Amino acid sequence: MKVQKRNGKITDYDRDKIITAIAKANAEVTDNEKADDQLISEITSFIEENGKDNILNVETIQDMIESRLVLKNKYTLAKKYIIYRYQRALLRKANTTDESILTLMRNENKELAEENSNKNTILASTQRDYIAGEVSRDLTKRMLIPERITMAHEQGIIHFHDADYFIQPIFNCCLINIGDMLDNGTVMNGKMIESPKSFQVACTVMTQIIAAVASNQYGGQSVDMIHLGKYLRKSRDKYAREIKKQFSDKMSEELMNELVDMRLRDELRSGVQTIQYQINTLMTTNGQAPFVTLFLHLVRNDEYAQENAMIIEEVLRQRLEGTKNEVGIYVTPAFPKLIYVLDEDNCLKGGKYDYLTKLAVRCSAKRMYPDYISAKKMRENYEGNVFSCMGCRSFLSTWKDENGNYKFEGRFNQGVVSLNLPQIGIISHGDEDIFWKLLDERLNLCYEALMCRHKALEGTLSDVSPIHWQYGAIARLRKGEKIDPLLHNGYSTISLGYIGLYELTVLMKHQSHTTPDGREFALKVMHYLRDRVEKWKKETGIGFGLYGTPAETLCYRFARIDRERFGIIKDVTDKGYYTNSYHVDVREKIDAFDKFDFESQFQNISSGGAISYVEIPNMRNNIEALEEVVKYIYDHIQYAEFNTKSDYCHVCGYDGEIIINEDNEWECPQCHNKDHAKMNVTRRTCGYLGENFWNTGKTSEIKERVLHL
């Protein structure tokens with residue numbers, strides 16, 4: 001028998017705790033009101049009978065105790081027990097965050113440390129954000145959302161994302177309308193920023209906008225670099241005028257053009273370097289670098305196509321080189337993320353810009369980025385449009401303004417709630433009638449939770465974040481104006497996430513979703529989820545979307561909770577993780593091309609967000625193989641990325657095998673760094689982000705590093 005504590009943790013049932021609690025109440029009443037040993041035994045037996053094959057939460061057990069005492073006419077004793085229970089509840093409510101905050105300050109809170117790999121919990125600035133987040137999370141669970149949603153979150157039924165920011169009227173992620181802000185100017189910290197006159201100034205202004213935007217939302221942001229082309233042209237024209245004025249009578253036109261190109265290339269390098277270093281050195285109000293993605297897209301017949309190609313080339317070159325760490329070694333920066341768009345002229349089929357794609361592939365091989373979007377497949381899925389996902393990899397739905405023009409930049413996501421699919425399969429025991437009924441119930445719960453997010457934003461004034469609402473990142477509303485119109489009619493999105501389609505299929509069909517029968521069931525589930533969000537969208541006018549994303553630690557949180565509740569289940573909870581969204585389980589033998597083929601059929605259903613990845617070993621030595629995969633991406637799948645097995649030391653740049661020394665510590669064989677936080681020693685085969693551990697099960701002498709199960 002298992003018991004769920006108030007914090008959601010599942011523990012073994014302990015009869016002695018019940019006996020002790022009744023004994024404390026017994027001490028407060030006269031002998032004739034006390035519960036004797038026989039009554040106490042009856043109460044515990046009643047609880048154990050009702051809890052058999054179930055998980056009872058503490059409150060339910062206490063309700064049972066009270067009801068049995070009243071049934072046996074022990075009214076005074078029941079009253080004492082109720083008072084004692086009430087006093088304990090008051091004490092808990094008066095002191096709900098102390099332990100989590102203190103463990104954070106002592107750097108002992110592993111759950112927080114692993115929740116966001118981009119935030120260093122040791123830094124004072126980050127700790128300040130986490131402390132505020134713990135208070136917000138506590139208030140959210142106790143007072144701001146219905147108790148059933150809190151309990152569902154604690155039980156791993158759903159995941160209510162970003163509860164640590166819910167108390168504030170801020171949203172998840174966005175596509176910055178950077179073109180409008182650069183062309184028409186903006187305001188930051190009460191100071192007017194006019195439209196830049198040169199490329200380098202445009203780069204500086206853009207990074208300042210990115211930092212301001214990041215400080216007033218909790219999710220990622222994306223910037224389309226195509227808007228910088230015109231500013232590189234402005235710089236070229238400025239240099240041409242200056243050089244012609246000064247040297248027209250002293251040198252040939254050819255030499256003057258060379259001088260213009262030389263000065264322009266120098267400004268291009270400096271401008272892109274400004275973007276890279278500013279983003280990685282700026283600190284937002286949550287104590288981390290801005291979570292930003294740069295969208296690298298060339299449009300045929302674009303007036304500034306030449307300039308944009310130059311910008312993309314420089315971005316890729318600088319990412320390939322890396323940035324220096326504290327000891328001067330070139331390493332891979334965490335930000336900005338890069339997304340490279342494959343289109344007709346750069347899909348490695350003899351196009352004009354294939355040289356850029358070859359550079360992108362080299363960059364992916366060494367630095368893991370960029371990710372790749374197929375313009376061809378995206379146009380099929382989004383009514384002929386190509387646009388970036390937001391920083392968190394969620395996609396907007398299509399939306400047209402009053403003139404019938406599609407609009408993507410200047411839109412945002414209100415928030416996310418994710419559904420644990422495997423848990424429904426576990427409870428259903430393979431019975432599809434039970435499964436579909438439970439799925440309906442839990443989708444209704446997700447809808448209620450998502451509407452909590454939506455309603456929390458309604459009534460928000462534009463003054464809350466002027467950079468978003470008044471000065472162009474999202475809109476140009478008046479001071480004191482409500483943002484409500486931007487929450488409705490599909491302008492912004494709100495996302496239903498999902499985890500573990502593979503495990504669900506194993507539970508319901510006893511086979512992977514890559515088999516014919518498994519695939520049929522998995523697609524049926526996906527269409528059911530998509531139909532439900534479309535129904536919500538139609539009924540409310542809110543832009544609900546189905547969101548499959550790399551959910552990082554959520555895959556492990558759901559699996560951990562279910563393992564505690566339901567034990568070890570082969571191919572489900574025994575792995576220590578659930579597969580993300582619709583992805584193929586990492587243990588299946590499937591090549592990159594077949595994996596992309598298979599997963600592409602789910603991407604167009606999961607239109608609110610979808611990405612697929614393949615692992616390529618020794619990528620630096622497999623450039624030609626990577627190019628073949630990139631060609632395949634263009635024709636077969638909308639959004640994809642590469643992973644690799646290489647270990648990496650962020651101190652010296654070593655990218656070979658990180659060794660285990662005689663003291664059972666990680667150690668870089670090149671610089672002998674032993675700081676685990678400065679090493680990438682997590683195999684990206686399964687994406688496991690938790691603690692690495694030793695497996696000494698073979699012999700006492702053999703210490704085997706276990707990185708995926």
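The values are calculated or read from the model by the stated rules, or taken from the named source; none is laboratory data. From a predicted model like this one, the values you see are computed outputs, not experimental measurements. Cβ: placed from backbone, ideal geometry, glycine included. Neighbour counts: every protein chain shown. These area figures cover heavy atoms from the full protein model, side chains too; ligands, DNA and RNA do not enter into them. Shrake-Rupley method; radii C 1.70, N 1.55, O 1.52, S 1.80 Å.
Some values worked out for this structure:
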| quantity | calculated |
| --- | --- |
| Accessible-area order (highest first, 1.4 angstrom probe) of the listed residues Glu307, Glu534 | Glu534, Glu307 |
| For the range 180-235 versus the range 504-569, the gap between their alpha-carbon centres in whole angstrom | 39 Å |
| Placed amide H near Arg411: partners under 5 Å, 5+ positions off or other chain | Leu175 |
| Percentage of interatomic Cα-Cα distances in the range 151-204 larger than 15 Å | 66 percent |
| Surface share of carbon and sulfur [accessible, 1.4 angstrom probe, percent] for the chain | 49 percent |
| Difference of contour (0.36 nm per residue) and Cα-Cα distance, Lys5 to Ser125 | 40.0 nm |
| Of Lys376/Lys407; Lys407/Lys538; Lys349/Lys377; Lys17/Lys52, those spanning more than 24 Å from alpha-carbon to alpha-carbon | none |
| Neighbourhood charge, 11 Å Cβ-Cβ cut-off, centred on Glu588 and excluding it, Lys, Arg +1 and Asp, Glu -1 | -1 |
| Estimated dipole of the chain in Debye, rounded to 20 [Cβ of Lys and Arg +1, of Asp and Glu -1, Cα centre] | 1320 debye |
| Dipole magnitude (debye, nearest 20) for the range 388-434, charges at Cβ of Lys, Arg, Asp, Glu | 360 debye |
| Solvent exposure of the range 20-91 as accessible area per residue, Å², 1.4 Å probe | 61 Å² |
| Shape metrics for the range 1-54, restricted to C-alpha atoms - Rg then Dmax, Å | 13.0, 38 |
| Share of alpha-carbon pairs per 5 Å distance bin for the range 506-635, given as whole % | 2, 9, 15, 18, 20, 15, 11, 6, 2, 1, 0 |
| Alpha-carbon gyration tensor eigenvalues x 5, square-rooted, for the range 275-324, Å | 27, 14, 7 |
| Label-reachable residues, the range 197-237, where backbone N falls under 19 Å from a point 7 Å from Glu321's Cα toward its Cβ | 199-201, 203-204 |
| Alpha-carbon radius of gyration plus Dmax, which is the widest Cα pair, for the range 307-439 in Å | 20.6, 61 |
| Of Lys400/Lys595; Lys509/Lys575; Lys9/Lys72, those spanning more than 25 Å from alpha-carbon to alpha-carbon | Lys400/Lys595; Lys9/Lys72 |
| Whole-percent pair-distance distribution, where bins are 5 Å wide, for the alpha carbons of the range 193-266 | 3, 14, 20, 17, 14, 11, 8, 6, 4, 2, 1, 0 |
| Among Leu282, Val525, Pro336 the positive-end extreme of the charge dipole of the chain (Cβ point charges) | Leu282 |
| 3J(HN,Hα) from dihedral phi, the range 482-489, Karplus parametrisation 6.51/-1.76/1.60, rounded to Hz, x for glycine, proline | 7, 8, 3, x, 7, 8, 10, 6 |
| Top positive-direction residue, dipole computed over the range 301-446 with Cβ charges, set Ile424, Cys347, Val361 | Val361 |
| Theoretical gain in end-to-end length, Ala132 to Glu242 [0.36 nm per residue, Cα-Cα removed] | 34.3 nm |
| Derived scalar couplings ³J(HN,Hα) [the range 172-180; Karplus, 6.51 cos²θ - 1.76 cosθ + 1.60; whole Hz; x for Gly, Pro] | 7, 9, 7, 9, 5, 7, 5, x, 5 |
| Accessible area (Å², 1.4 Å probe, nearest 10) - Glu383 | 110 Å² |
| Amide H contacts under 5 Å for Tyr639, placed H, 5+ residues apart | Ser374, Ser612 |
| Packing rank of 144-151, 558-565, where each peptide gets the mean count of other beta carbons within 10 Å, highest leading | 558-565, 144-151 |
| Where labels lie 7 Å past Cα in the beta-carbon direction, separation of Met451 and Lys437 in nm | 2.4 nm |
| Vicinal HN-Hα couplings computed from phi for the range 367-384 (Karplus, 6.51 cos²θ - 1.76 cosθ + 1.60; Hz; Gly/Pro x) | 10, 6, 10, x, 7, 10, 10, 8, 4, 4, 6, 5, 4, 5, 8, 10, 6, x |
